[in-house]
Structures are given as C-alpha cells and as structure tokens.
Amino acid sequence: MIDPPVFGRHQPASHTIIHLSDPHFLADGVRHAGGSDSQGNLAHTLETVRRVHPHPSAIVITGDLTDFGEPDAYRRLRAMLEPVAADLGCPIVWVAGNHDERPALRAELLDAAATEEPVTGVWDLDGLRLIALDSSVPGWHHGDIDRAQREWLAEQLRHPAPHGTLLAMHHPPLPAHVPLFDILELRHQDELAEVIRGTDVRGILAGHLHYSSSGMFAGVPVSVASSTCYTMNLGRPAVEVNGMDAAQAFQLVHVRPDVVTHTVVPVADAPTGDYFSEEWTREMASLSAEERLEAFSRKPPRPKA
Ligand SMILES: [Fe+2]
Ligand SMILES: [Fe+2]
C-alpha cells in the first residue's frame, strides 16, 4: 500500500487513530439480546480496520466493551483485538462504559487488580497525548466524571503535549435527539467543561449512542463513534428509534498539525468501482500542479443538445 500523495494545502496526518465503540461482547459468544452477533460483527469490522491503515497510532475502543461485564466476554474480546493490534504495531486503549464492570475489565484486559477504581490512563503516542477517562458509575447506566477524576484530568492537562491531547470517554458530553437517552447522559458536564476549556485538548472521542454524531463541548469537537455490535435505526421517527443489526461503522481520526478530522467508515461488503488505481495515482504525482488541475479539475465541455 502506498501512502496517499498530498496535492492540497494541508500537511499529512502526523497520527491516525482507529476509533471503535460499543462491541457489547457476551460470555460463551452468545448473540446480543437484540439478535446481533457481537463477535461476528466485530470480526467483520476488524477485517476493515486491517485494510484502512497499516500502522495506526492506536486502536481506541470507547466503552461498553461487554454487555454484562462477564470475565469470559472480556477474554474473548482481548483474544480478538490483540492479534490485530500486534500486526498493526499499535496499543489498544480500553475505555470503560456503563455496561462494563470495572473489576472484571481490570483483571481480564489490564492484568490488574480486580477493583472498582476508575479505568483511566495516559498514552504518549509520539507526542500526541491520549487520555482515557472513566465515565461509568458502578451500579448505574448514566455517566459521570466525578470530582476526583476531574482533578486528576486537570493535573494531566497542566502542561501541553507537542501534538495536543485527545480525550476518550464512553458517555459523550452532547445531547441526543432520541427520547429517553438523556436519562443516561453524562453528569457534571459544566464542571468538566471548566477543566477542558483553554487546554490543549483537540478532540473528544466517545460512544454510548450506537450512532455516529458530533458536536462541540467547551470549545472542543466531540465525535461519537457508532457501535460495532448493533446500531440505532435513525431512519425512523425519533420516538420510534430502536436497535438494528445493520449499518455498523467505526471512525478514522486523522490528526494533522492544523486540524483533526473524524471520518465515519461503514463496515459493508459492497462492490466498488475501479477509478483510482495505483498506476493512475502515480501518473497524477508525475504531473505539475497546473497539469494536475487541468487533468482532474477541469470540467469537460457540456455536450451540445
Ligand atoms: Fe452501548
Ligand atoms: Fe453505553
């Protein structure tokens, strides 16, 4: 695979992150209650992940790693993800969600003591700082970043990182248009905004909604990745939205010196055209800027009626 050539005004991405969410694994590989094949659907997603980038900086999974926090579900998830991360040469960032159980997550994914301590972490990805927050609340499905975690985050953000910081958390600090979702929203958002505003945070990666969405929080773009397990059928009236076993997706996060973009990647088997071959790309690269504009941007004359 050749690196895509750069013909425009933006510099190439310094980092590419794979952002997955909500795999909802179950013990013994049983299907999700809604009928989705959690394992099969993630395996399908990971085939796509392997294709889209040969050496991402990290694979980030923003929570609801399992459906009930069962140890066997975590073991299955780890067994599926670790070989992919090893082949791509990148770390896995596990983020806790409301369907997770911290003790089992810690024991089975982190080889750590099985405690209720929040699952947080800081990664230095060649100058890009990635901070995982734990918005889960033991025993509940709504989210929160409590005072202790906010103080810890403020301490981490005291000094900027060379390429800035991305936060990863399960509950997005955004509203949802789907009824009832706000019962489970993130609490203490104003207090969290105070910690983030004015720092080097350039993006917030989240999950929980089971559909792709984006918005701003404390002056920072928030990007919600859909689920690899089941997604919300948003093509229905909001009051009738419910889960479906279709349209799974993940996101590619490109970090450039001037901007961070979040691109939704559909997981689908569909025939694709053969318009941009490697040979064609090489030909484009061999042209001058003016020749390229002429070859690719110039509209052909409109056929006469
Ligand atoms: Fe979920
Ligand atoms: Fe969730």
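Tabulated results
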{"quantity": "Residues of segment 100-147 satisfying the condition of being within 19 Å of the chain's Cα centre (by Cα) and of a type in the set (Gly, Ala, Ser)", "calculated": "Gly121, Ala132, Ser135, Ser136, Gly143"}
{"quantity": "Selection from segment 37-84 of residues that are aromatic (Phe, Trp, Tyr) and open to solvent by 50 Å² or more (accessible area, probe 1.4 Å)", "calculated": "Phe68"}
{"quantity": "Any hit, segment 71-88, residues being within 16 Å of ligand 1 (Cβ to nearest atom), charged (D, E, K, R) and at pLDDT 95 or above", "calculated": "no"}
{"quantity": "Which listed residue, of His32, His24, is within 16 Å of ligand 2 (Cβ to nearest atom) and buried (at least 24 other Cβ atoms within 10 Å of the Cβ)", "calculated": "His24"}
{"quantity": "Near pairs, Cβ below 7 angstrom, 6+ apart or cross-chain, from segment 162-176 (farther than 14 Å from Asp144 by Cα) to any residue that is part of a loop (DSSP other than H, G, I, E, B) and within 16 Å of ligand 2 (Cβ to nearest atom)", "calculated": "Leu167/Leu133; Ala176/Leu209"}
{"quantity": "Residue check, Asp182 without any contact (Cβ under 8 Å) to a residue 12 or more places away in the chain and within 16 Å of ligand 1 (Cβ to nearest atom)", "calculated": "yes"}
{"quantity": "Qualifying residues in segment 211-232 (those that are within 14 Å of ligand 1 (Cβ to nearest atom) and open to solvent by less than 10 Å² (accessible area, probe 1.4 Å)) - the one nearest to the chain's Cα centre (by Cα)", "calculated": "Ala225"}
{"quantity": "Every residue from segment 280-305 that is at pLDDT 90 or above and loosely packed, with under 10 Cβ neighbours inside 10 Å", "calculated": "Ser286, Ser288, Ala289, Glu290, Ser297, Arg298, Lys299"}
{"quantity": "Residue that is surrounded by the fewest Cβ atoms within 10 Å (Cβ to Cβ) [pool: residues in segment 178-206 that are within 13 Å of ligand 2 (Cβ to nearest atom) and closer than 26 Å to Pro160 by Cβ]", "calculated": "Leu186"}
{"quantity": "Residue among Leu174, Leu167, Leu153 that is more than 16 Å from ligand 1 (Cβ to nearest atom), buried (at least 19 other Cβ atoms within 10 Å of the Cβ) and not in a helix (DSSP H, G or I)", "calculated": "Leu167"}
{"quantity": "Criterion: crowded, with 18+ Cβ neighbours inside 10 Å, of a type in the set (Lys, Arg) and touching a residue at least 24 places away in the same chain (Cβ under 8 Å) - qualifying residue of Arg106, Arg129, Arg147", "calculated": "Arg129"}
{"quantity": "Subset of segment 133-150 (residues that are charged (D, E, K, R) and not in a strand (DSSP E or B))", "calculated": "Asp134, Asp146, Arg147, Arg150"}
{"quantity": "Matching option when the condition is within 16 Å of ligand 1 (Cβ to nearest atom), in contact (Cβ under 8 Å) with a residue 40 or more places away in the chain and out of contact with any helix residue (DSSP H, G or I) (no Cβ under 9 Å at 6 or more places or on another chain), among Asp64, Asp37", "calculated": "Asp64"}
{"quantity": "From Val241, Val222, residue being aliphatic (A, V, I, L, M) and farther than 18 Å from Leu166 by Cβ", "calculated": "Val241"}
{"quantity": "Residues located in segment 8-34, provided they are touching a residue at least 60 places away in the same chain (Cβ under 8 Å), within 16 Å of ligand 1 (Cβ to nearest atom) and either farther than 17 Å from Phe250 by Cβ or out of contact with any helix residue (DSSP H, G or I) (no Cβ under 6 Å at 6 or more places or on another chain) (or both)", "calculated": "His19, Leu20, Ser21, Asp22, His32, Gly34"}
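The values are calculated or read from the model by the stated rules, or taken from the named source; none is laboratory data. Just so it is clear, the structure is predicted and the values come from calculations on it, not from any experiment. Cβ atoms come from the backbone with ideal geometry, glycine included; neighbour counts cover every protein chain shown. Areas reflect the complete protein model, heavy atoms only, side chains present, ligands, DNA and RNA absent. Shrake-Rupley method; radii C 1.70, N 1.55, O 1.52, S 1.80 Å.
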